[in-house]
1. Test of understanding: among Ala40, Ala60, which residue is modelled with pLDDT under 95 and farther than 17 Å from Phe82 by Cβ?
2. How many residues does the range 85-115 contain that are in contact with a Ser or Thr (Cβ under 6 Å, 6 or more places away or on another chain) and open to solvent by 20 Å² or more (accessible area, probe 1.4 Å)?
3. Quick one: which residue in Phe34, Phe82, Phe70 is modelled with pLDDT of 95 or more and open to solvent by 40 Å² or more (accessible area, probe 1.4 Å)?
4. Taking the conditions exactly as written (in contact (Cβ under 8 Å) with a residue 12 or more places away in the chain, among the aromatic types (Phe, Trp, Tyr) and open to solvent by 50 Å² or more (accessible area, probe 1.4 Å)), does Phe6 satisfy them or not?
5. Restricting attention to the range 15-25, and to residues there that are open to solvent by less than 50 Å² (accessible area, probe 1.4 Å) and farther than 16 Å from Cys76 by Cβ, which single residue is nearest to the chain's Cα centre (by Cα)?
6. So is Ala28 more than 14 Å from the chain's Cα centre (by Cα) and either open to solvent by less than 70 Å² (accessible area, probe 1.4 Å) or among the aromatic types (Phe, Trp, Tyr) (or both) or not?
Amino acid sequence: MVIKVFIASSSGSTSIKKQQQDVMGFLAANKIDFEECDIAANEQNRKWMQENVPENSRPATGNPLPPQIFSDEKYCGNYEAFFDAREENAVYAFLGLTAPPGSKEAEALAKRQQQ
């Protein structure tokens, strides 16, 4: 299973740059392997991302903006969805991965199962 993070290396938006750094920094810090797919330098990546973001996750106008996160071909979500999952200690579930033993997410899951 490959986590793909679609980014724009030459974005003029500081907000988008910060969001991209936030996602990739979190994944790297937690030793979650991911592939960085640049939509600014690779037209195929841009087209693939735009075609594979589900209709209900697209903005009302224009194209979906990076970062967009996929697990193989399955859409996980955008930055806001990632941020919400991180706040809820549910990033591994968001990515379709099993939380490693000892992680906050694994502990939260174990507590929920005991209740």
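1. Details: Ala40 fails: modelled with pLDDT under 95.
The conditions single out Ala60.
2. Here is the first cut: in the range 85-115, the ones in contact with a Ser or Thr (Cβ under 6 Å, 6 or more places away or on another chain) are 95-96.
With the extra rule that they be open to solvent by 20 Å² or more (accessible area, probe 1.4 Å), the set shrinks to 96.
The total comes to 1.
3. Working: Phe82 fails: open to solvent by 40 Å² or more (accessible area, probe 1.4 Å); Phe70 fails: open to solvent by 40 Å² or more (accessible area, probe 1.4 Å).
Being modelled with pLDDT of 95 or more and open to solvent by 40 Å² or more (accessible area, probe 1.4 Å) holds for just one of Phe34, Phe82, Phe70, which is Phe34.
4. Working: in contact (Cβ under 8 Å) with a residue 12 or more places away in the chain: yes; among the aromatic types (Phe, Trp, Tyr): yes; open to solvent by 50 Å² or more (accessible area, probe 1.4 Å): no.
Against the criterion (in contact (Cβ under 8 Å) with a residue 12 or more places away in the chain, among the aromatic types (Phe, Trp, Tyr) and open to solvent by 50 Å² or more (accessible area, probe 1.4 Å)), Phe6 does not qualify.
5. Step one: filter the range 15-25 for residues open to solvent by less than 50 Å² (accessible area, probe 1.4 Å), giving 16, 19-20, 22-25.
Then drop every residue that is not farther than 16 Å from Cys76 by Cβ, which leaves 16, 25.
Values: Ile16: 13, Gly25: 11 Å.
Filtering first and then ranking leaves Gly25.
6. Working: more than 14 Å from the chain's Cα centre (by Cα): no; either open to solvent by less than 70 Å² (accessible area, probe 1.4 Å) or among the aromatic types (Phe, Trp, Tyr) (or both): yes.
Considered against the rule, which asks whether it is more than 14 Å from the chain's Cα centre (by Cα) and either open to solvent by less than 70 Å² (accessible area, probe 1.4 Å) or among the aromatic types (Phe, Trp, Tyr) (or both), Ala28 comes out as no.
The values are calculated or read from the model by the stated rules, or taken from the named source; none is laboratory data. For clarity, every value in this text was computed on a predicted model and none was experimentally measured. All Cβ positions, even for glycine, are placed from backbone atoms using ideal geometry, and neighbour counts span all protein chains on display. Quick note on the areas: whole protein, heavy atoms, side chains included, nothing else; ligands and nucleic acids left out. Shrake-Rupley method; radii C 1.70, N 1.55, O 1.52, S 1.80 Å.
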